[in-house]
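Inspection log for the structure reproduced underneath, given as structure tokens.
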Amino acid sequence: MSAVVQLAEPAADGETAWLARRGLSWGASEIATLLVALGRRPMESLPAWAQPDARVTRQSRSVPRLIAQKAGVLPPRKRGKPAARGLALEPRLVALWAQLVARGQARGAEALAVDASTVQHAGELLPREMLPLVDRHCPRLSCTPDVWCRDVLGGLLVVDMKCSVKPYADRYQTCPPHYVLQLHAQMAVCGAEARRSWRASGGARSGLTSLASPQARSARGRSSATTR
């Protein structure tokens, strides 16, 4: 004799359900906006598309929009068409990066340490209902990783995929600072040892890599990455 128990009604809109769960914590991609909203970083440190969430509006009741969203005063903004397209392209971008890693053609010296056989798109491994992941040491911090992979020594790496119209390298010469904060937060949630952001833009590809500095390592010893 066997029984099947349904724990919850299936969500009609997976994106809405994910946003609701994410609303209970600060997502890794929200950390840069949160720091601006709290006055810890200047507004110009954010890209234009993220700045509205760091600003006070009439509807947000005298607090930055992001904080009003977390308090339930305002609904979270849904993904725009460019963000939705970037999300749809993620699996293809991961597969392309994995091929470049396997051939030793991925940009960045750190890519040489990646075990190409371990690169997998996170969306293919974890059901959407299990996301976002929550930091066990700081439950108010969460993340929805793009990629799972390990280095040749078995260490877990955080890899983030970005699709952009304008090449990041032309403006920043390295991983943009708001993405650095996102990756550091992902490292904390996942207990990863290094991070890497890789983007595709206008048919050109470039790796944007920056290992965590000693000052950015987890105080609990969960990250052991060093600069090179």
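The values are calculated or read from the model by the stated rules, or taken from the named source; none is laboratory data. Since this is a predicted model, take the numbers as computed values, not measurements. As a convention, Cβ positions derive from the backbone with ideal geometry for all residues, glycine included, and neighbour counts pool all protein chains shown.
Tabulated values for the structure
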quantity: Residue within region 168-182 that is touching a Gly at 6+ places or on another chain (Cβ under 8 Å), farther than 19 Å from GLY86 by Cβ and modelled with pLDDT under 90 present; calculated: no
quantity: Residue pairs meeting the criteria (Cβ under 7 Å; at least 6 apart or on separate chains; first at positive phi, in region 101-130; second polar (S, T, N, Q)); calculated: GLY108/THR209
quantity: Residue under evaluation ASP115, criteria (1) surrounded by fewer than 18 Cβ atoms within 10 Å (Cβ to Cβ); (2) closer than 26 Å to TRP26 by Cβ, criterion not met; calculated: (2)
quantity: Meets criteria (closer than 25 Å to ALA188 by Cβ, touching a Gly at 6+ places or on another chain (Cβ under 9 Å) and not basic (Lys, Arg)) for PRO139; calculated: no
quantity: Close pairs (7 angstrom Cβ cut-off, 6 or more residues apart or separate chains): free of Cβ contacts under 8 Å to residues at least 40 places away in the same chain and among the basic types (Lys, Arg) in region 38-64, exposed (fewer than 14 other Cβ atoms within 10 Å of the Cβ) and assigned to a loop (DSSP other than H, G, I, E, B) anywhere; calculated: ARG61/VAL73
quantity: Any chance PRO91 is modelled with pLDDT under 95 and either assigned to a loop (DSSP other than H, G, I, E, B) or not assigned by TED's automatic domain parsing to the domain that holds LEU156 (or both); calculated: no
quantity: Evaluation of SER117 against (1) in the same structural domain as SER164 (by TED's automatic domain parsing); (2) under 23 Å from SER164 (Cα atoms) (one fails), failing number; calculated: (2)
